[in-house]
C-alpha cells in the first residue's frame, strides 16, 4: 500500500501537522496482514524531522517498523530528517 505524502502538502514541517496527517492516514489504512506500507515523497519539497517523526512513530506503533518503509528519494530534506529520527534507537516503535 503506497501513501503519497504530497497530498498532505508540499512542505511538511510541524509536529501538529504530522500528528494530524498520521491520524488521517491511520483512519484510511486497511493493509493486509503482510502488506508493506510505503511512504512516497514524490512532489514533497521539504519535510522536517518533527513532521516525519509523528507520522513514522504512529504508523510503526500500529504496523511495526518492518512494514512501514520510506521509498527511495533524492530529496535531501527527507534523507536528513530520517537520519535525525533513526539516530535515536531508544525511540518507541523504532
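From the Cα gyration tensor of the chain, with a ≥ b ≥ c the square roots of its eigenvalues, which class applies: rounded if a/c is under 1.5, or else prolate if a/b is larger than b/c, or else oblate? Here the chain falls in the rounded category.
Taking a ≥ b ≥ c as the square roots of the Cα gyration tensor eigenvalues, with a/c under 1.5 meaning rounded and otherwise prolate when a/b beats b/c, else oblate, which class fits the range 1-46? Taking the square roots of the gyration eigenvalues as a ≥ b ≥ c, the range 1-46 is oblate.
Counting every other Cβ atom within 10 Å of each residue's Cβ, 77, 14 order from fewest to most as 14, 77.
Exposure proxy check: 29, 52, 59 ranked by fewest other beta carbons within 10 Å?
Least crowded to most crowded, the residues run 29, 59, 52.
Distance between the modelled labels on residue 11 and residue 40, one decimal in nanometres: 2.5 nm (7 Å Cα→Cβ projection).
Distance between the modelled labels on residue 27 and residue 80, one decimal in nanometres: 3.2 nm (7 Å Cα→Cβ projection).
Each reported figure results from applying straightforward, stated rules to the coordinates on display, with no laboratory input. Since the structure is predicted, the reported quantities are computational estimates derived from the model, not experimental observations. Ideal geometry is used to build each Cβ from the backbone, glycine not excepted, and the neighbour counts take in all protein chains shown.
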